[in-house]
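Take a look at the structure below.
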């Protein structure tokens, strides 16, 4: 009985790695991951910093390097005998296997959490290396079952489908807690921020300008002071106590711009805005003020904290100080009559499966020898 052909096995393993690398890259490029929960090991790896490599002044996602490396390995597996020096394929596969082994070790021994999608890619790299470096004859069949263009089409399909799905997937349903604070008939904008957070400070004037003059918008400010920012909770208290006297937004403007977030400076700003000092001081020590802050924090924690600032514009969640275009687009979508958008997972998966089977059927051939050159 003929053994499983090494070259064909290698191609199948690499196709799996391409699909998972593309899915990981889609999640790394998106604010809301499409494939892996931010509270899972995948999210832990992303937040650890090990998911990116510094290069030429920027940070390159590791999945982008994986996609490139597996793409190169797949191209080598298709190369004709005269195109590449002997041993090129095993060398590239060995580099990928060592990289996969190292990345698995980092997850287990350094980060302490495992991203299951990363693990699939890493194990695929190790298996590809083992196949390429296995001793003995390759025992390839005399003919390649698919035309070269079909193999390339399969690789493009499996690498492209996850990236397309990340763009075409339907917007996730709003968490019940966020939906509960919406005002019917309005474009609802709910922002969670921390007055000491540099990204929140960066976004504030831009978001304010985008919402200026829009009578169709109902804006709600919610507070999520981080424990790592000692000045954030006192500033949130000050904002709420000014809000109780009708000075919430002017106070927020001043706090986002203030160089010093000390209680004394908060009080000076509040008095300058015209709040009643006695009512303000009483509000600061009222347990209900901290209860309101804790309720805001719980609202976002229950919805799934990804980072600050978090802004819900209609049904869309925007995390971080994203470009103005992202907020304009979200506002335009929220202002339109409600309609379903995006492609559901099941139809998309069936479409990809059908395209893959079509490529296999159309690319079947019986007369082309396998390319074993780079082995």
- Length released on extending from residue 98 to residue 60, taking residue separation times 0.36 nm less the Cα-Cα span: 11.7 nm
- Message: Which order do the peptides 313-322, 226-235, 107-116 come out in when sorted by mean C-beta neighbours inside 10 angstrom, highest first?
- Response: 313-322, 226-235, 107-116
- Message: Using only the alpha-carbon atoms, how far is helix 345-363 inclined from the longest principal axis of the chain? Give it as 0 to 90 degrees, nearest 10.
- Response: 20 degrees
- Item | Where labels lie 7 Å past Cα in the beta-carbon direction, separation of residue 351 and residue 326 in nm | 2.4 nm
- Note on the structure: Under the 7 Å Cα-to-Cβ spin-label approximation, residue 171 and residue 336 lie apart by a distance in nanometres of 1.0 nm
- Task: Kindly express, to the nearest 10 degrees and within the range 0 to 90, the angle between helix 148-168's C-alpha long axis and the longest C-alpha principal axis of the chain.
- Result: 10 degrees
- On Cα atoms only, tilt of 263-272 relative to the major axis of the chain in degrees: 60 degrees
- Tell me the label-point distance for the pair residue 219, residue 30, using the 7 Å Cα-to-Cβ offset, in nm and rounded to one decimal. 2.9 nm
- Query: So if we plug the beta-carbon distance of residue 181 and residue 156 into 1/(1 + (r/R0)^6) with R0 = 56 Å, what FRET efficiency do we get, rounded to 0.05?
  - Reply: 0.80
- Sorted on mean Cβ neighbours within 10 Å (highest first), peptides 251-260, 165-174 come out as 251-260, 165-174
- Query: Calculated from the structure, mean projected area of the Cα convex hull in nm² equals which of (1) 23.7; (2) 18.2; (3) 16.8?
  - Reply: (1)
- Specify, per residue and in Å³, the volume enclosed by the convex hull of the alpha carbon atoms belonging to the range 176-335. 112 Å³
- Message: Could you work out the relative contact order of the chain? I mean the mean sequence separation of Cα pairs under 8 Å and 6+ apart, divided by the number of residues, in percent.
- Response: 25 percent
- What full-extension length gain, to one decimal in nm, is calculated for residue 260 and residue 199 as 0.36 nm per residue of separation minus the Cα-Cα distance? 20.3 nm
- What is the gain in length, in nm to one decimal, between residue 226 and residue 50 on full extension, counting 0.36 nm per residue of separation less the C-alpha to C-alpha distance? 61.0 nm
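All of the numbers you see were taken from the coordinates with simple rules; none came from a lab. Keep in mind that this is a model prediction, so the values were computed, not measured. Heads up, the Cβs are rebuilt from the backbone with ideal geometry, glycines too, and the neighbour counts pull from every protein chain shown.
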